[in-house]
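All remarks here apply to the structure that follows.
The values are calculated or read from the model by the stated rules, or taken from the named source; none is laboratory data. This is a predicted model, so every value here is computed, not measured. Note: ideal-geometry Cβ built from the backbone for every residue, glycine included; neighbour counts use all protein chains shown.
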Amino acid sequence: MNSMTSFWTLFIVVGLIILWFIFRAIRRNRGNRSTRRRNAFFLSSPSPSSLTQERHREITELKELLERSIPASYAHNVKQRVMDANPSLTEQEYNWRWHELKRYFMLCAIMNRVPMFSSDVDELWHEMLMFTREYQQFSEAFFGRMLHHAPHSGGSQPMPEERAWFDWLYVECFGWNRYSASLWGTFFNHPLPNDELSHYYKLTASTQPIGDRWNSHENVDISQQAQQAVHKIIQHLRERVNKAVNDPEGKQLPKVNYLQVDYLLLAAVWYSWYQPEQFAIHMHPDSTNSAALASSSGCSSASGCSNWDTHHSHHHSSHDSSHGGGSSHHDSGDSGSHSSCSSGSSCGSSCGGGGD
């Protein structure tokens, strides 16, 4: 009896070990396929600088301040650490991740409370933090204070309102293209909150908006470039809100067009104001754009937030529209922390548009 028990115990243990190795092999194979697809996607991409540009002069000047705030040696050391830790990461994909991280920092200079919605981009931020002295010097040079990195939330707490503001601000500053969207996930899944939009209706240029959404209050010490960028962003938001509120029947509402950013942003405000429940459906690219848009799918997982020092105070209808943000891969087969798949598209160089 004891020998029989020992036999079955050994049999079960061996079986579990075999299953564990099979499971690891499957996951490794899936990961390799995902990596190959990501590599192929970015291998065909142009350089970020050749495809994208800032939509407003104030954003360009803020970018120039950012570039001056990151020493070349610091950027090189961060890249070396990331590439060493990820042997399969291509140069092209790293360049896009780095490009998007710098854009994220610019958003943080303009808006208070900007969650990090990409684990791929966040990985580079983590490596920057490893160089504590250099990171502090960078933060003080660009932000005027320390920009802290909050722990990654792992996707347990959706933040639809924060993601809505992230999407609107990102596209207002930089436009939209499929390579950026592949890292950030689906844009315009969530409407801007009505209670906040109402603050901008009939708001005069000299009046500060209610709340602390923007880094524009007296107790916030920011650079002149950031101040000018905040002013420009609020000006455009005020104009779009007034245009939307004064057009309740949507007579002047353009079709959603991801190739015409000004149309896209006005539509986002109008549908947020009048039809927030159907926002994600309406913000699907118009069928007339389908020939020009190149699709790329992405999986999004939720995020950790970055906050200022507390001492100072598209959606596609076939995908989940309840997701509040997250990190993104263009490969819908990714597993782990990724929680919802989305697709984004762009014709590449046509995207971005000009300012109003």
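Data table
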read-out	value
Residue in region 101-120 that is surrounded by fewer than 18 Cβ atoms within 10 Å (Cβ to Cβ), among the acidic types (Asp, Glu), modelled with pLDDT under 95 and assigned to a helix (DSSP H, G or I) present	no
Of the criteria (1) more than 30 Å from Asn95 (Cβ to Cβ); (2) assigned to a helix (DSSP H, G or I), which one Leu253 fails	(2)
Members of region 78-110 that are among the aromatic types (Phe, Trp, Tyr) and touching a Phe, Trp or Tyr at 6+ places or on another chain (Cβ under 7 Å)	Trp96, Phe105
Residues that are charged (D, E, K, R) and either exposed (fewer than 15 other Cβ atoms within 10 Å of the Cβ) or not in a loop (DSSP other than H, G, I, E, B) (or both), drawn from region 200-249	Lys202, Glu218, Asp221, Lys232, Arg238, Glu239, Arg240, Lys243, Glu249
Test result for Tyr170, within 20 Å of Gln260 (Cβ to Cβ) and modelled with pLDDT of 95 or more	yes
Asp195 surrounded by fewer than 18 Cβ atoms within 10 Å (Cβ to Cβ), modelled with pLDDT under 95 and not in a loop (DSSP other than H, G, I, E, B)	yes
